[in-house]
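These notes concern the structure reproduced below.
The values are calculated or read from the model by the stated rules, or taken from the named source; none is laboratory data. Since this is a predicted model, take the numbers as computed values, not measurements. Neighbour counts are summed over all protein chains in view; Cβ atoms, including those assigned to glycine, are modelled from backbone coordinates with ideal geometry. Heavy atoms of the whole protein, side chains included, go into the accessibility calculation; ligands, DNA and RNA do not. Shrake-Rupley method; radii C 1.70, N 1.55, O 1.52, S 1.80 Å.
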Amino acid sequence: MLKTRDLTKVYNENVLAVNKLNLKVEDGEIYVVLGGNGAGKSTTMSMLLNFIEPTSGTAFVNDIEIPKFPLEAKKHLAYVSENVELYRNFTARQNLSFFAKLGGRKSVSNAELDATLGRVGLPEAAFTRRVKTFSKGMRQRLGIAITIMKNAKAVLLDEPTSGLDPKGGADFLNLLRELKEEGTSIFMSTHDIFRAKEIADTIGILVQGNLELELTREEILKENLEALYLQYVAGYTPKADTAA
Ligand SMILES: Nc1ncnc2c1ncn2[C@@H]1O[C@H](COP(=O)(O)OP(=O)(O)OP(=O)(O)O)[C@@H](O)[C@H]1O
Ligand SMILES: [Mg+2]
């Protein structure tokens with residue numbers, strides 16, 4: 001569903017942010033990318049969304065080459081970022097309705113809007129409140145609702161759980177499982193190794209723009225993910241346990 005081929009980004013002719021990235025996310029697969037600050041996660045997402053142009057290489061969604069056919073490609077992609085952009089003076093329901101229409105939906109009933117807002121765990125009293133009164137986690141939930149409404153084949157999530165409380169985080173993983181069941185491909189970045197371990201079919205570890213390691217579900221369950229991550233990202237080898 002989602003595929004990159006030697007995808008590369010160099011900023012200002014000297015910052016190699018993403019280096020010849022080759023990865024694939026199948027239908028109904030959850031691919032989680034881990035990597036330290038500045039590893040190139042957001043840059044990768046931005047290229048997949050055609051927010052920025054690759055320096056070289058390319059990417060595909062549903063076999064559509066994203067940089068060449070950005071409008072066609074966007075129909076298949078939905079995106080939630082760390083800081084969801086919403087209309088502050090609109091209510092949650094108005095925002096959802098607005099973005100659904102922007103995403104190509106013709107008419108959407110209030111019942112469907114409310115069902116989706118409920119699905120992401122917003123309390124009913126919040127449906128008709130202006131978004132400027134929302135907490136970060138509430139805005140993020142609304143962002144996820146917008147994604148669901150789009151019915152996209154591939155969903156890109158850049159640190160989607162960073163503003164969620166523990167219950168929100170757990171609810172969110174369940175939502176991802178539901179989307180996966182429906183055949184949606186999910187490409188998500190996070191700093192949360194534990195959630196990654198719980199949900200990912202594949203984990204990729206990005207170090208200074210290079211995909212250093214990919215783990216299958218089997219390997220994720222077998223390996224000590226935290227130790228592996230530290231080893232790759234920080235070149236850190238844990239000391240032998242010398243405690244008596
Ligand atoms: N607009 C830009 N202009 C120049 N350099 C940039 C730009 N955006 C990102 N970079 C650089 O590209 C590299 C990758 O950054 P990116 O934001 O993709 O990392 P990230 O993995 O998302 O990090 P974080 O975990 O902090 O969100 C970094 O070295 C960063 O400084
Ligand atoms: Mg980032």
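So, in the stretch 118-160, of the ones that are charged (D, E, K, R) and in a helix (DSSP H, G or I), which residue ends up farthest from ligand 2 (Cβ to nearest atom)? Outline the logic, then answer.
Of all residues in the stretch 118-160, those charged (D, E, K, R) come to 119, 124, 129-130, 132, 136, 139, 141, 150, 153, 158-159.
Subsequent filtering for residues that are in a helix (DSSP H, G or I) retains 119, 124, 132, 136, 139, 141, 150.
On the way: Arg119: 27, Glu124: 33, Lys132: 25, Lys136: 16, Arg139: 18, Arg141: 20, Lys150: 22 Å.
Among them, the one singled out is Glu124.
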Checklist entry - Can you name the residue in the stretch 197-220 that is surrounded by fewer than 19 Cβ atoms within 10 Å (Cβ to Cβ) and without any contact (Cβ under 8 Å) to a residue 24 or more places away in the chain and is also nearest to ligand 2 (Cβ to nearest atom) among such residues? => result Glu212
Item to check | Residue count for the stretch 61-74, restricted to those that are buried (at least 16 other Cβ atoms within 10 Å of the Cβ) and not polar (S, T, N, Q) | outcome: 6
Checklist entry - Going through the stretch 28-51 one residue at a time, which ones are farther than 19 Å from Tyr232 by Cα and part of a loop (DSSP other than H, G, I, E, B)? => result Gly28, Glu29, Leu49, Asn50, Phe51
Item to check | Filtered residues of the stretch 114-140 (kept if open to solvent by less than 30 Å² (accessible area, probe 1.4 Å), modelled with pLDDT under 90 and not polar (S, T, N, Q)) | outcome: Val120, Gly137
Checklist entry - Somewhere in the stretch 83-99, is a residue within 16 Å of ligand 1 (Cβ to nearest atom) and open to solvent by 60 Å² or more (accessible area, probe 1.4 Å)? => result yes
Next on the checklist: So Thr58 ticks every box in (1) buried (at least 16 other Cβ atoms within 10 Å of the Cβ); (2) within 22 Å of Glu159 (Cα to Cα) but one. Which box is left unticked?
Outcome noted: (2)
Checklist entry - Which of the residues that make up the stretch 25-55 are among the polar types (S, T, N, Q), touching a Lys or Arg at 6+ places or on another chain (Cβ under 9 Å) and either more than 19 Å from Val10 (Cα to Cα) or open to solvent by 40 Å² or more (accessible area, probe 1.4 Å) (or both)? => result Asn50, Thr55
